[in-house]
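Presented below is the structure to which this report refers.
Each reported figure results from applying straightforward, stated rules to the coordinates on display, with no laboratory input. Small disclaimer: the values here were computed from a predicted structure and weren't measured. For neighbour counting, all protein chains shown are included, and Cβ atoms are generated from backbone atoms with ideal geometry for every residue, glycine included.
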Amino acid sequence: MTTDQKPRTDEELRVLAERAGRELEDAPALEILRWAVDTFGAEFCVTSSMEDAVVAHLASRVRPGVDVVFLDTGYHFPETIGTRDAVAAVLDVNVRTLTPRQTVAEQDAEYGPRLHDRDPDLCCALRKVRPLEEGLEDYRAWATGLRRDESPTRANTPVVGWDEKRRKVKVSPIARWTQDDVDAYVAEHGVLTNPLLMDGYASIGCAPCTRRVLEGEDARAGRWAGRAKTECGLHG
Ligand code: SF4
C-alpha cells in the first residue's frame, strides 16, 4: 500500500497491522521502520522512555526529523531528563515532551502525597496513560522499544500489531532483539544511553517506582518492586 492509498478506517488499520506483523516477523528493524514510515509518514511517531536512544536512532535513519515522544511524568530521574535533552541535541529527531494535566504538587493536593505508593495504577493512569493517549491523537502508528526477552509479559510482542485500546498501529521494531543485540547496536553507532544503565538499573521508569536489579533477576524486576504491578498500562 503506497502513501497515497493510506488506510483510513480502524478496521483497515487493524487488518493492515496484523498482516504486516506476519510479513515482517523476520525482517530487520530498519525494514520494519521503513514500512511504518512509508505507510504513515508524519502520522507515525516513536515513543521513548529515554532508557536508551536505540529506536529513536534507528527511526532517524529512516525518517530524519521523526517525532520522538517522551512522557515527562514529573517523577523522572535527572539522568533520564538529561538523556532526553541529549537525544534532542544530538539526533536528527523532533523530541516532543508530553506532560500530565496536573503537576505533582497539584496531584498531591487532590489525591494526597505519594499516590504512587498507595495507588500506583491510578498514578500511572494520570501521569502516563492519559497523557500518552492524548499525545497519540496526532498519529495513526507509534513505535516502542519493547523486546520479547525483557520479561514474560512481553514474550509475545508482535513486531507490528493492532493496539485495540488506543486504536493505533503499534510497531516494535526491536521486539526480536536480545540485550546483546542492543549492546552491539549501541557500541557500533555510539548511541546515547541513560547513565543509570551503568549503575545497576536494567529498566528505568519513575524514580519512586524503580530500583536496581539483583543478579539473576529479569530486566524489569526493579519496576514497582514489592507491589502487585509489572506494567504501567501503556503496553497492556
Ligand atoms: Fe506514578 Fe510510579 Fe507510575 Fe510514575 S511509575 S506514574 S511515579 S506510579
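Between the alpha-carbon centers of the stretch 186-211 and the stretch 144-159, tell me the distance in whole angstrom. Computed from Cα coordinates, the inter-centre distance equals 18 Å.
Secondary structure note: in the chain, about 30% of the DSSP beta bridges are antiparallel.
A dipole drawn for the stretch 3-195 from +1 and -1 charges on Cβ atoms has a positive end, and of ALA143, VAL182, ALA53 the residue lying farthest that way is ALA143.
Counted residue by residue at 0.36 nm each, then reduced by the alpha carbon distance between them, the extension gain from LYS165 to ASN94 reaches 23.0 nm. Between ARG101 and ALA184, what FRET efficiency comes out of the Förster formula 1/(1 + (r/R0)^6) with R0 = 41 Å and r the beta carbon distance, rounded to 0.05? That gives a FRET efficiency of 0.55. Think of each Lys and Arg Cβ as +1 and each Asp and Glu Cβ as -1; about the Cα centre, that makes the dipole of the chain roughly 440 debye.
Longest exposed-loop-site-free stretch of the chain, with GluC sites (Glu not before Pro), DSSP loop and at most 11 other Cβ within 10 Å? Of all site-free stretches, the longest is 1-163.
Using alpha-carbon pairs under 8 Å, 6+ residues apart, how would you state the relative contact order of the chain in percent? Once normalised by length, the contact order is 23 percent. Net length available on complete extension from GLU134 to ASP199 is 20.1 nm, with 0.36 nm assigned per residue and the Cα-Cα distance removed. Which residues does the label zone of THR153 cover in the stretch 36-61, counting backbone N under 18 Å from a point 7 Å along Cα→Cβ? Label zone hits: 48-51. Short to long, the 10 Å bins of the Cα pair-distance histogram for the chain hold 7, 32, 38, 19, 3, 0 percent of all pairs. Would you work out the charge dipole size for the stretch 90-193 about its Cα centre, treating the Cβ of every Lys and Arg as +1 and the Cβ of every Asp and Glu as -1, and quote it to the nearest 20 debye? The dipole of the stretch 90-193 has a size of about 380 debye.
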